[in-house]
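Below: the structure, in structure tokens.
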Amino acid sequence: MTKLENFVDNRKVAEQRAGGPAELKKLLPTSKSAKALKTVADDRYLSLMSLRVFSSGLKHSMVAGKWPDFEEIFFAFEPKRVAAIPDEELEALLKETRIIRHWRKIKATRHNAAAMAEISTEHGGFGAWLAAWPEDDIVGLWNDLQKRFSQLGGASRPYFLRMAAIEIVDDRFVDYSKLKLPTMLADDFFNAGCVLGTPLSAWQTLDIGALRGEMMINGKAVGSGFGRDVMGHPFNVLAWLANSLIERGRELQAGEFVLTGSLMETQWCQAGDVVRVEIDSLGAAEMQFSTG
């Protein structure tokens, strides 16, 4: 099995790509203070949590587009009101075409509303409970969220907290330039889709880490990199993902695609732009944007 690379080394790569530690720090979102967390109403936390639950495994933009209807149907996510939805009304939502009709997630919404209402009553608000959690025990918070709430296991716990803007820039650290890469990694905000080139069957003899890739927009080179720029080797990413899934009782399945990371800096495109990526010996992929 491929040996995983040291994250400290990858942190250095991230700093180099960003233009130094100070520039990397600027890319990190700002976490909310304890005072700010307390001012957020419980219904907004339940809405964020439910958005994370329903987004899991689906295209996030699709779920976000339906969210105004979710807000209407689930009583603006007021926890006590949602917790009181009778069984027959909950079951009727399986026929509601405006929302995602996933029974376990629908049931989880009512369960989570009741759990959040209980926490709020005991601690004077769900935000107050979050704000009071020990700053040096973020993993303990993840575990407690999984214990109390439904459909909020695995990566959904830190994702929910990141949506609530309290986790990725952790208050345990005063100097964010000392953060390790695992703290900064996590979100799939670029995961809108992908364009695949022609599959290559005879790739086993290639030194993928040494292959060079280049991106061109409208025929002009805008960036390049090597396979080794992705955690030392793209297979390190694949090994990490496979091992992480196994720890959670899941496996990679035949036919699935895994995007192992970028060889070059992200570029923003305009309507009409033609983007082409070429990787030595692997081939190329190309697309044209109809909208910016």
Among the numbered criteria (1) surrounded by 14 or more Cβ atoms within 10 Å (Cβ to Cβ); (2) of a type outside the set (Gly, Ala, Ser); (3) part of a helix (DSSP H, G or I), which single criterion is violated by Lys12? (1)
Kindly check whether there is at least one residue in the stretch 211-222 that is surrounded by 12 or more Cβ atoms within 10 Å (Cβ to Cβ) and modelled with pLDDT under 80. no
Only one residue in Val237, Val258 is among the β-branched types (Val, Ile, Thr) and not in a loop (DSSP other than H, G, I, E, B), so which one is that? Val237
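The values are calculated or read from the model by the stated rules, or taken from the named source; none is laboratory data. Predicted model, so just to flag it, every value in this text is computed and none were measured. Methodologically, a virtual Cβ is constructed for each residue, glycine included, from the backbone with ideal geometry; neighbour enumeration extends over all protein chains shown.
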